[in-house]
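The values are calculated or read from the model by the stated rules, or taken from the named source; none is laboratory data. Nothing here was measured: the structure is a model prediction, and the numbers come from that model. Cβ sites come from the backbone with ideal geometry, for glycine too, and all protein chains shown count toward neighbours.
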Amino acid sequence: MASYAVHAAHFVLPGRVCDGGFLMVGGEHFGSWTPEAPEGTKVLDTGDSWVAPGFVDTHIHGFFGHATTDADPDGIDEASLELARRGTTSWLPTTFTDDAERIGDACSAIAWAAKRRDFTSTAARIQGIYLEGPFFTEKHVGAQNPAYLIDPSIELLDRWQGLAGGLIRKSAFAPERAGSVEYVSGLRSRGVVGCIGHSDATFEEAMRAVDAGAGCFVHTYNGMRGLHHREPGVVGCAMVSEGTYAELICDGKHVDPAAMRTLVRAKGPDHVVPITDCLGCGGLPDGTYVSGGMEVVLKDGLCYLSDMSSIAGSVLTLAEGVKNLVDWNIVPAERAIRMATEVAARSAGIADLCGTIAPGRMADFVVLGEDLSLRETYVGGHLVQ
């Protein structure tokens, strides 16, 4: 592929936002930014746009009719392409609480889809796997299947990791379950991020898990013991624990914008990770679907369990979530973009693979309007059609 230069109003680079100038793209990789137009190079003029790293979704269960738990590599491929069309260039397919064998099957299928990805593909890149369950508490099980809840097991994790070809990056658990401290310690020694969620743990129980190495909180506020002034709970631990990351569903339905702002102010934007928690029915019309083996109803932009007793997940895209953060005055544009790129990648231990525009990195980027609406996505320097 020939080299070209991208011209834009704003470039979100690792250390700063550069206004104007040109970003070189050579083959599939980024070159350097320069204030002057390079001679003899084709220029892609994006006008008044922002050019930013492609968005990194670290908690997502599928898209466009394909769930990560379907154990279908072809479906994962289709979901990857549809996600790229909506601005997400890297993702961590996320499993549900399920039978151990079926979780293994899902890991195998995701790994196979990642391994066989064609280098010319413009689909979003699979940068790892996130195990959301089955080590949760029934009180905050949410849309997870309570029939398969068990205590944490590093032996199971190792079995799934073998089937995943080493792709598992994150594993979630409830700290009050037996063996959780040993489990998160084992995760840390294996380079897997331990995530606290679907939990009724006390502040002290959650903090002990952080002390043992837990580094992230699952969709903060949702599926966890809330903040109380005499028992800060899991939410309180998420807000004050040093160096940890807090996931946040930014659809305005799972978490009120005022609560979103509270978390960002308490935690700091460098440690809050916008996620979608999108189900396999994302991108589809209202109707009844199956997610994680459970029937869900998609209605008015939100998924519910079939009996409408609980929210089941979102159909948000990360590009929409970033725009929401700015439209609701939670953070400025540059900060929202960094939260969904650099911060997200760091939180999952994949910052060496994605999340920044830097020379030599894969040229995965988005072109956003002045209002941060998505205009175009590029994967490996190629426009996603």
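Counting residues in region 137-152 that are more than 21 Å from the chain's Cα centre (by Cα), in a helix (DSSP H, G or I) and either closer than 30 Å to LEU383 by Cβ or of a type in the set (A, V, I, L, M) (or both) gives one or more.
The single condition among (1) surrounded by 24 or more Cβ atoms within 10 Å (Cβ to Cβ); (2) free of Cβ contacts under 8 Å to residues at least 60 places away in the same chain that CYS216 does not satisfy is (2). In region 177-191, the qualifying residues are those that are of a type in the set (A, V, I, L, M, F, W, C) and surrounded by 15 or more Cβ atoms within 10 Å (Cβ to Cβ), and the one that is farthest from LEU149 (Cα to Cα) is LEU187. Scanning region 221-235 for residues that are part of a loop (DSSP other than H, G, I, E, B) and touching a residue at least 40 places away in the same chain (Cβ under 8 Å) yields a total of 4. Among the residues of region 10-47, those identified as free of Cβ contacts under 8 Å to residues at least 60 places away in the same chain, assigned to a loop (DSSP other than H, G, I, E, B) and either of a type outside the set (S, T, N, Q) or exposed (fewer than 13 other Cβ atoms within 10 Å of the Cβ) (or both) are GLY15, ARG16, GLY20, GLY21, PRO35, GLU36, ALA37, PRO38, GLU39, GLY40, GLY47.
Looking across GLY243, GLY186, one residue alone is assigned by TED's automatic domain parsing to the domain that holds GLY268, touching a residue at least 12 places away in the same chain (Cβ under 8 Å) and in a helix (DSSP H, G or I). It is GLY186.
Would you mind stating whether THR341 is assigned by TED's automatic domain parsing to the domain that holds ALA259 and farther than 18 Å from GLY252 by Cα? In short, yes. Checked against (1) surrounded by fewer than 22 Cβ atoms within 10 Å (Cβ to Cβ); (2) part of a helix (DSSP H, G or I); (3) in contact (Cβ under 8 Å) with a residue 60 or more places away in the chain; (4) of a type in the set (S, T, N, Q), SER108 meets all criteria but (3). Out of curiosity, is SER171 crowded, with 22+ Cβ neighbours inside 10 Å and over 23 Å from the mean Cα position of the chain (by Cα)? It is false that SER171 is crowded, with 22+ Cβ neighbours inside 10 Å and over 23 Å from the mean Cα position of the chain (by Cα). Taking (1) out of contact with any helix residue (DSSP H, G or I) (no Cβ under 6 Å at 6 or more places or on another chain); (2) buried (at least 24 other Cβ atoms within 10 Å of the Cβ); (3) of a type outside the set (A, V, I, L, M, F, W, C) in turn, THR58 satisfies each apart from (1).
Collect the residues in region 48-94 that are hydroxyl-bearing (Ser, Thr, Tyr) and assigned to a loop (DSSP other than H, G, I, E, B), keeping them in residue-number order.
Of everything in region 48-94, just one residue is hydroxyl-bearing (Ser, Thr, Tyr) and assigned to a loop (DSSP other than H, G, I, E, B), namely SER49.
Yes or no, residue by residue, for (1) aliphatic (A, V, I, L, M); (2) part of a loop (DSSP other than H, G, I, E, B):
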residue	(1), (2)
VAL264	yes, no
ASP270	no, no
VAL273	yes, no
LEU284	yes, yes
VAL296	yes, no
GLY313	no, no
ARG335	no, no
ARG346	no, no
